[in-house]
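Undergrad: Have a look at this one before I ask anything.
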Amino acid sequence: MTELTPRQLKAQETKKNLLEKGLELFHERGFDNVTVESIAKACNVSKGAFYVHFNSKYDVFLEKFKDIDEFYLSFIPSIPDNLKASEKILLFYKGQMTYLRDVLGKDFIHTIYTSALALTIDDDHYLTDQNRQLYQIIRSYVEEGVERREFKQELSVDEISMLVTRCMRGTIYDWIIFRDRLDPVVEIQSITSVVLDGLKCDSECDSIKRV
């Protein structure tokens with residue numbers, strides 16, 4: 001591995017500081033009340049230095065979403081391949097919510113998700129982009145379930161994926177609202193299990209699968 005130069009190390013440190021301070025300011029003041037100038041000033045760097053690392057203040061918290069997605073990718077190998085698709089989804093969500101709760105924490109999640117609500121979300125925005133790693137992971141499990149006739153055949157992969165991902169988003173936002181009165185790890189298992197049970201093939205579908 002090539003050793004980083006002092007200049008590259010300094011750039012990494014600056015970007016890290018901008019990210020952490022930006023998220024801190026979003027939490028303290030609200031996303032709309034924070035400017036690029038205020039983030040740069042808090043880090044004792046110029047506005048130009050900010051734009052070396054981020055295109056806008058939106059990219060500050062989007063950077064963290066991308067880091068979170070990298071964790072999701074690293075978690076997948078821990079899920080046994082011989083499980084049903086519905087079981088894989090439940091295990092993935094359990095790992096996801098455990099990470100959000102125990103590693104990132106509710107205050108951090110509150111900051112980035114309430115900041116996301118302040119945005120005008122376009123169809124190609126990262127948060128709704130179906131090519132995002134998180135959505136691709138869920139979609140792959142749903143496709144597997146449809147192919148194996150574990151899920152209802154009258155619903156498309158896109159429709160099932162949307163229902164399943166809404167369980168995740170609903171759990172996160174309820175956690176933000178109810179705080180310590182709700183455990184996201186327990187809640188995601190409860191809600192998603194109900195939805196997945198409703199999506200499973202009925203007896204007629206099972207008979208087709210056996211033919």
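Undergrad: Arranged by the count of other C-beta atoms within 10 angstrom, fewest first, what order do D129, D107 take?
TA: Taking fewest neighbouring Cβ atoms as first place, the list is D107, D129.
Undergrad: Using 7 Å Cα-to-Cβ label points, what is the R179/F108 separation (nm, one decimal)?
TA: Label at R179, label at F108, 2.0 nm between them.
Undergrad: For the stretch 1-56, what is the relative contact order in percent, using Cα pairs closer than 8 Å and at least 6 residues apart in sequence?
TA: Once divided by the residue count of the stretch 1-56, the mean separation gives 29 percent.
Undergrad: Need the full-extension length gain, Y99 to E87, defined as separation in residues times 0.36 nm minus the C-alpha distance. One decimal, nm.
TA: 2.5 nm
Undergrad: Something else about it: So how do Y99, Y135 line up by other beta-carbon neighbours within 10 Å, fewest first?
TA: Listed from fewest to most nearby Cβ atoms, that is Y99, Y135.
Undergrad: Sequence gap at least 6, Cα distance under 8 Å: using those rules, report the relative contact order of the stretch 64-166 to the nearest whole percent.
TA: Result for the stretch 64-166 is 30 percent.
Undergrad: Still on this structure: Compute the relative contact order of the chain as a whole-number percentage, counting only Cα pairs closer than 8 Å that sit 6 or more residues apart in sequence.
TA: Numbers: 163 pairs, mean separation 42.6, N = 211.
Across the chain, relative contact order equals 20 percent.
Undergrad: Let me ask something additional. Dipole magnitude of the chain about its Cα centre, charges +1 at Lys/Arg Cβ and -1 at Asp/Glu Cβ only, in debye to the nearest 20?
TA: 540
Undergrad: If we count every other residue with Cβ under 15 angstrom of G95's Cβ, Lys/Arg +1 and Asp/Glu -1, where does the sum land?
TA: Details: positive: K88, K94, R101; negative: D69, E70, E87, D102, D183, E187.
My count for the surroundings of G95 gives -3.
Undergrad: Using only Cα atoms, tell me the angle between helix 157-178 and the longest principal axis of the chain; keep it within 0 to 90° and round to the nearest 10.
TA: 50
Undergrad: Given the options Y173, V36, L117, identify the residue whose Cα lies farthest towards the positive end of the charge dipole of the chain (+1 on Cβ of Lys, Arg; -1 on Cβ of Asp, Glu).
TA: After comparing all options, I get V36.
Undergrad: Hey, what angle do you get for helix 6-29 against the long axis of the chain, alpha-carbon based, 0 to 90 degrees rounded to 10?
TA: 70
Undergrad: Quick one: helix 85-99 against the long Cα principal axis of the chain, what's the angle to the nearest 10°, folded into 0 to 90?
TA: 30
Undergrad: Report the Cα centroid-to-centroid distance between the stretch 1-41 and the stretch 46-86 in angstrom, as an integer.
TA: Taking the Cα centre of the stretch 46-86 as reference, the centre of the stretch 1-41 is 16 Å away.
Undergrad: For the chain, what does the convex hull of the Cα positions come to per residue, in cubic angstrom? It would help to have the intermediate numbers written out before the result.
TA: Working: hull volume 30.9 nm³, N = 211.
In the chain, the Cα convex hull volume per residue is 147 Å³.
Undergrad: What's the Cα-based Rg to Rh of the stretch 3-73, Rh via Kirkwood?
TA: Working: Rg = 12.6 Å, Rh = 12.6 Å.
Taking Rh as the inverse mean 1/r over Cα pairs, Rg/Rh reads 0.99.
Undergrad: Using only Cα atoms, what is the ratio of the radius of gyration of the stretch 58-119 to 2.2 N^0.38 Å?
TA: Computed over Cα atoms of the stretch 58-119, the ratio equals 1.28.
Here, each number is a calculation from the coordinates, and none is a lab measurement. Only a predicted model underlies this, so the values are computations on that prediction, with no experimental measurement involved. When we count neighbours, we look across all protein chains shown, and the Cβ atoms used for this are built from the backbone with ideal geometry, even at glycine.
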